[in-house]
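Visitor: Please see the structure below; I have some questions.
The values are calculated or read from the model by the stated rules, or taken from the named source; none is laboratory data. This structure is a prediction, so every number in the text was calculated from the model and none was measured. Here the Cβ positions follow ideal geometry from the backbone for every residue, glycine too, while neighbour counts run over all protein chains shown. Only protein heavy atoms, including side chains, enter the accessible area calculation; ligands, DNA and RNA are left aside. Shrake-Rupley method; radii C 1.70, N 1.55, O 1.52, S 1.80 Å.
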Amino acid sequence: MAYTSPWRQRAGLSVAAFLATVATPAQAQEQKFRAVSVKTPDGLTISAQDWGNPNGPEILFIHGFSQSHLSWIKQVTHSELAKEFHMVTYDLRGHGNSDKPLEPERYKTGKYWADELQAVMDATGLKRPVLAGWSYGGRIMADYLTTYGTARLAGLNYVDAGQKADPSFVGPNLRNLPLMASEDLATNIAATRAFLHDCFSIQPTQEEYETMLAFNMMVPPKVRLGLGNRPLQVDDMLRSLKLPVLVTHGAEDKNSKLIAAEYTAKMIPGAKLSVYQGIGHAPFFEDAPRFNAELAVFVRSAQKVN
């Protein structure tokens, strides 16, 4: 039986509260989104958000491990992107305002993740979006591609999202993951704080960090445990891709080393690699102006190709 969060109906309030902490009053008044409740084939309710120009080129953002749709706040509330692009965010199962079942099998099966992503696309009316997947979001993109292929996609943006489970590609920050699945609250919080800090080379403000820590701690330990140890063997799929691909990566990433991005770019025919010097695991947050500009150029180009 699916667990339904009692806070889902307050999704709009949660966004408003976040904006109140990280934006000026004038900026906060400009933010507009449409809340979308999404049903997955396996019976979960997923919280999605529809932003920007409903008639513009489409971007679907997929956040990372233990994060939320608010990770993309510097994209969806960027006035220039909002004027031009139809943007969709959502909370992955187990995260944010989405359902949080505790059974491990809900997180171990790739088709569940693929079906969830497809359900979000259908519910928000996306026809041929560019997928922008950060970190663990890259695994969900792999799930989708191996299940559904590329027929309904315009392009892919891998954002610090390694595509090979190679120990040599892993950075030192991932040592915090086992403790982030601890049922001991003090241990869990300490590990989550350390993990979140090392996701950035250019640190967020205190208010931004506190908000990020809050939505990280919304993810139950059993969910975090269920997300781990999933196979990632997609070399053949990567070689077969025939759509535009942008690989974005922070050179100082402590989660996924730069060699992981170089490998992905090498495996995918025609992929472009964009390296952010002095940036950690979150280039879209640490250098939002550059990221937003590059994403806009990429999406425009991808739509022309398709």
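Visitor: Starting from residues that are surrounded by 15 or more Cβ atoms within 10 Å (Cβ to Cβ) and over 16 Å from the mean Cα position of the chain (by Cα), keep the ones in segment 203-212 and report whichever is farthest from S47 (Cα to Cα).
Guide: Of everything passing the filter in segment 203-212, P204 is farthest from S47 (Cα to Cα).
Visitor: Looking at R230, R224, can you tell me which residue is among the charged types (D, E, K, R), in contact with a Gly (Cβ under 9 Å, 6 or more places away or on another chain) and at pLDDT below 95?
Guide: When all the criteria are applied, what remains is R230.
Visitor: Could you count how many residues in segment 253-275 are farther than 11 Å from Q163 by Cα and of a type in the set (G, A, S)?
Guide: Looking only at that region, the number is 3.
Visitor: I need a count of the residues in segment 160-185 that are open to solvent by 70 Å² or more (accessible area, probe 1.4 Å), assigned to a helix (DSSP H, G or I) and without any contact (Cβ under 8 Å) to a residue 40 or more places away in the chain.
Guide: Residues that pass the stated criteria total 5.
Visitor: Is there any pair linking a residue in segment 257-268 that is of a type in the set (D, E, K, R) to one that is buried (at least 23 other Cβ atoms within 10 Å of the Cβ), with Cβ under 6 Å and at least six apart or on different chains, and which?
Guide: Pairs found: none.
Visitor: Being in a loop (DSSP other than H, G, I, E, B) and closer than 12 Å to F285 by Cβ is the filter; apply it to segment 51-73 and report the residue that is nearest to the chain's Cα centre (by Cα).
Guide: H63
Visitor: So, one more: Search segment 272-296 for residues being free of Cβ contacts under 8 Å to residues at least 40 places away in the same chain and surrounded by fewer than 19 Cβ atoms within 10 Å (Cβ to Cβ), and hand back the single one that is farthest from the chain's Cα centre (by Cα).
Guide: Going through the qualifying residues, I end up with Q277.
Visitor: Ok, one more. Filter segment 224-252 for residues that are more than 16 Å from the chain's Cα centre (by Cα), surrounded by 15 or more Cβ atoms within 10 Å (Cβ to Cβ) and in contact (Cβ under 8 Å) with a residue 60 or more places away in the chain and give the result.
Guide: Selection gives L225, G226, R230, L232, V234, M237, L238, L241, L243, P244, V245.
Visitor: Please verify whether segment 36-45 includes one or more residues that are under 18 Å from the mean Cα position of the chain (by Cα), aliphatic (A, V, I, L, M), farther than 19 Å from L156 by Cα and not in a helix (DSSP H, G or I).
Guide: Checked against the condition, which is being under 18 Å from the mean Cα position of the chain (by Cα), aliphatic (A, V, I, L, M), farther than 19 Å from L156 by Cα and not in a helix (DSSP H, G or I), segment 36-45 yields at least one hit.
Visitor: Among the residues that make up segment 74-88, is at least one of them surrounded by 21 or more Cβ atoms within 10 Å (Cβ to Cβ), in a loop (DSSP other than H, G, I, E, B) and aliphatic (A, V, I, L, M)?
Guide: No, segment 74-88 contains no residue that is surrounded by 21 or more Cβ atoms within 10 Å (Cβ to Cβ), in a loop (DSSP other than H, G, I, E, B) and aliphatic (A, V, I, L, M).
Visitor: Quick one: which helices (runs of 4 or more DSSP H) lie wholly within segment 215-306 and hold at least 3 residues that are closer than 30 Å to E80 by Cβ?
Guide: 258-267, 283-286, 288-305
Visitor: Could you tell me whether any residue of segment 134-151 is of a type in the set (D, E), in contact (Cβ under 8 Å) with a residue 40 or more places away in the chain and either open to solvent by 10 Å² or more (accessible area, probe 1.4 Å) or touching a helix residue (DSSP H, G or I) at 6+ places or on another chain (Cβ under 7 Å) (or both)?
Guide: no
Visitor: Same structure again: Of the residues T21, T45, which is open to solvent by less than 30 Å² (accessible area, probe 1.4 Å) and either touching a Lys or Arg at 6+ places or on another chain (Cβ under 7 Å) or modelled with pLDDT under 95 (or both)?
Guide: Every option except T45 fails the conditions.
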